[in-house]
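Every read-out reported here was derived from the displayed coordinates using simple, explicitly stated rules and does not represent laboratory data. Everything quoted here is computed from the prediction, not taken from an experiment. Glycine also receives a Cβ, built like all others from the backbone with ideal geometry; neighbour counts cover every protein chain displayed.
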């Protein structure tokens, strides 16, 4: 029964996101460069709001520190799926710069490494599989690769520490974060569509 509910949720999410993508794509064709830049700025602002909301929420109840769902990545996924690759990279870089300003150089570097790898992996999967890959799968691979990018930066910065025991936790948390962010994208989509 639970498997049927999850399968129904995934299919429903995919159908709604696909319908929205077609509508959004036709709306974007009529926009000029300035309008696209303004839209990108507004989606970036939404990413900041989602990051602030996530910081206000209580931490994920697991015994491993630092694990988050990465709600601001919902805005990055929206940008990648509906605005374009360039806009997604722009928002990823701006997010990392914001983290650098507010939380320091290491946090900014982690955000940049994770964000750039995540977007690149999702773009490669979209190119390789085209319409055969679902947004849920893209989101999961994006979240896992985000964690992998951050992990490799941490292993370089703290070369003397054994961090590999933490790696499986990052993979599992990336899987959970990917499912959560792709599902939440479905519910936040109407708010994002108002920006367009």
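Remark: the residue 152-residue 93 segment gains 19.4 nm on full extension, using 0.36 nm per residue and subtracting the alpha carbon distance. For the listed peptides 139-150, 32-43, 181-192, a ranking on the average number of other beta carbons within 10 Å per residue, highest first, reads 139-150, 181-192, 32-43. Each of residue 132 and residue 167 was given a label point 7 Å from its Cα along the Cα-to-Cβ line. The distance between the two points is 2.9 nm.
Can you work out D for segment 111-161 in µm² s⁻¹ from Stokes-Einstein, where Rh is the Kirkwood radius over C-alpha pairs, the temperature is 37 °C and the viscosity is 0.692 mPa s? Rounded to a whole number, D works out at 288 µm²/s. Each eigenvalue of the Cα gyration tensor of segment 41-165, multiplied by 5 and square-rooted, gives one semi-axis; in descending order these are 23, 18, 15 Å.
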